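The values are calculated or read from the model by the stated rules, or taken from the named source; none is laboratory data. Just so we're clear, the structure is a prediction, and the values are computed from it rather than from any experiment. Backbone-built Cβ (ideal geometry, glycine too); neighbour counts: all protein chains shown.
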Amino acid sequence: MQLARSFSTCARALRSGYSTVEPVHHLVKINKASLKPGMTQLLKSKSDITAIGFKPVEISQDRVREHYNNTVKSDLMLHFYEHDAKTVEGQKFREWGTDSPYKMYRSMKKPRGKGKATRNIKPITSKNVPELQSIVINLYAPAIAEHKWLSVSARAFIAQITNVKPQLLRNRSNVIGWKIRVGRPCGCKVELKDRDMHQFLTTLTELVLPRIRTFTGLKPTTGDTHGNISMGLTEEDVKYFPEVEHFQELFPNLFGFHITFKTTARTDEQARTLISSLGFPFQK
Amino acid sequence: MLSSSIKSAVLPVLRTFVRFKSKADVSPSTQRVIGQMSALSASKKQPKVIRLSNEDLIKHKSIVNAWNLYRRRKVSRQRDQLNKQYQSIVDAMEDLKQSEPELYVWANTKQTNKKFPLQLRVPTDYPPSQPWVYNVKK
């Protein structure tokens, strides 16, 4: 059948095999190079022994994990227990109200207090006992801005004491007085988790901190109000790490750094109690 | 750290890396930085993929599966125990509330700034001969 040529769109609907569904092109970007069969090796998890990046993880006992699970966890749960406790609501963004049409599409009012939204603090049950999530080491040394090659020494030092490759940090602002330029290396950071974290923790509490003469304990007020505890070590303190102590000619330049303990506790007080159970002394 | 306390002589690490060893002499401090750089880089440190026969692979997989099963059971056992402990705390407090309201108020008072004693240590395979020091000087 030959239809007369027309501008009407009805003609298209009469054709057989016409789909009413619009064709979808390139809504999801696919990197086709990563779909080739050679890349399938990289899809395997690192715990798989046939994977290229296979890394045996559980090669020794995890003392800190066992100590926490066997001894500390139930004690913490009992200590933080409060009968008939209610969830303490955090500060949230607020509605302006409905009494005026001008308030309808207005962006939400800032939270009370510091103007930042905070989390709800739920009562501690067996499901949410505070635990240590990770340890973040942050090294910033002004000397690196002056001598660029010191960033290599700093990273090698952190890699040596933590067993994890640190990430290079670069300056984000220009300060002429401090000779700081954007994009220049200024330090490194690393986030330790699980076994590396526990290994670092025991080294710190059993070998390093007891030998620092000036160390009297963590400050009783430490914390960022959301349950993360911080402390700092100077370049005199870090020489007691056994990984660098006996290789002084390899690590002549040592750097102080900040250590942050990230916990699942919602308040500083809970976090401090948790940290004290892992062998950290606190000042009175 | 002040620049005056930097121990090695500050020499610029300006060296084009070439495949073969060059005769150009490098100062020991520069050599140390090059050594640290190569220690950080991942090249040549990746061990070879372990080639296992099919039989060995099946053996390995069954061992790993058994280990995971053991771990999972251990975790669920600990979780159940903690849930039971929590439930018994709730029951005990509820009981106290009904029977002894004055004691309940005392028991439910929140303790602030409590710390674990420093003598609490992470257990080791070889503990000291005197594990707990009773007369600590503070």
Only one of (1) surrounded by fewer than 18 Cβ atoms within 10 Å (Cβ to Cβ); (2) in contact with a strand residue (DSSP E or B) (Cβ under 7 Å, 6 or more places away or on another chain); (3) in contact (Cβ under 8 Å) with a residue 60 or more places away in the chain does not apply to A:Q160, and that is (2)
Note on the range B:76-108: residues under 17 Å from A:T125 (Cα atoms) and among the β-branched types (V, I, T) are B:I89, B:V90
Matching residues in the range B:38-71 (among the aromatic types (F, W, Y) and within 10 Å of chain A (Cβ to nearest Cβ)) number 1
message: Please verify whether A:T125 is out of contact with any Cys (no Cβ under 9 Å at 6 or more places or on another chain) and at the interface with another protein chain (Cβ under 8 Å from one of its Cβ atoms), treating the condition exactly as stated.
response: yes
Yes/no for A:L3 being modelled with pLDDT under 80, on the phi < 0 side of the Ramachandran plot, touching a helix residue (DSSP H, G or I) at 6+ places or on another chain (Cβ under 9 Å) and surrounded by 10 or more Cβ atoms within 10 Å (Cβ to Cβ) = yes
Checking B:D95, B:D56, B:D125 in turn, the sole residue that is exposed (fewer than 12 other Cβ atoms within 10 Å of the Cβ) and either among the β-branched types (V, I, T) or at pLDDT 90 or above (or both) turns out to be B:D95
Considering the range A:59-70, residues that are more than 8 Å from chain B (Cβ to nearest Cβ) and not hydrophobic (A, V, I, L, M, F, W, C), and then whichever is farthest from A:H198 (Cα to Cα), we arrive at A:N70
Note to self: Based on this model, can you work out whether A:E146 counts as loosely packed, with under 15 Cβ neighbours inside 10 Å and facing another protein chain (nearest Cβ under 10 Å)?
What the structure shows: no
Reported set for the range A:21-51 where residues are more than 30 Å from A:N128 (Cα to Cα), at pLDDT 85 or above and facing chain B (nearest Cβ under 10 Å) is A:D48, A:I49, A:T50, A:A51
Residues of the range A:268-284 being more than 9 Å from every other protein chain (Cβ to nearest Cβ) and either in contact with a helix residue (DSSP H, G or I) (Cβ under 6 Å, 6 or more places away or on another chain) or surrounded by fewer than 17 Cβ atoms within 10 Å (Cβ to Cβ) (or both), in sequence order, are A:Q283
Counting only residues in the range B:112-138 that are more than 8 Å from chain A (Cβ to nearest Cβ) and β-branched (V, I, T), the one nearest to A:N69 (Cα to Cα) is identified as B:V133
Restricted to the range B:88-111 and to residues being facing chain A (nearest Cβ under 8 Å) and polar (S, T, N, Q), the residue nearest to A:K73 (Cα to Cα) is B:Q111
Filtering the range A:198-256 for residues that are in a strand (DSSP E or B) and surrounded by 13 or more Cβ atoms within 10 Å (Cβ to Cβ) leaves a count of 6
Out of all the residues in the range A:85-98, is one or more more than 25 Å from B:R121 (Cβ to Cβ), within 10 Å of chain B (Cβ to nearest Cβ) and either loosely packed, with under 13 Cβ neighbours inside 10 Å or in contact (Cβ under 8 Å) with a residue 24 or more places away in the chain (or both)? yes
Note on the range A:257-284: residues farther than 16 Å from A:I135 by Cα and in contact with a Gly (Cβ under 7 Å, 6 or more places away or on another chain) are A:R266, A:T267, A:Q270, A:P281, A:F282, A:Q283
- Residue check for B:A24: facing chain A (nearest Cβ under 9 Å), out of contact with any helix residue (DSSP H, G or I) (no Cβ under 9 Å at 6 or more places or on another chain) and either closer than 30 Å to A:K148 by Cα or at pLDDT 95 or above (or both): no
Within the range A:99-133, restricting to residues that are outside any loop (DSSP other than H, G, I, E, B) and not basic (K, R), the one that is surrounded by the most Cβ atoms within 10 Å (Cβ to Cβ) is A:L132
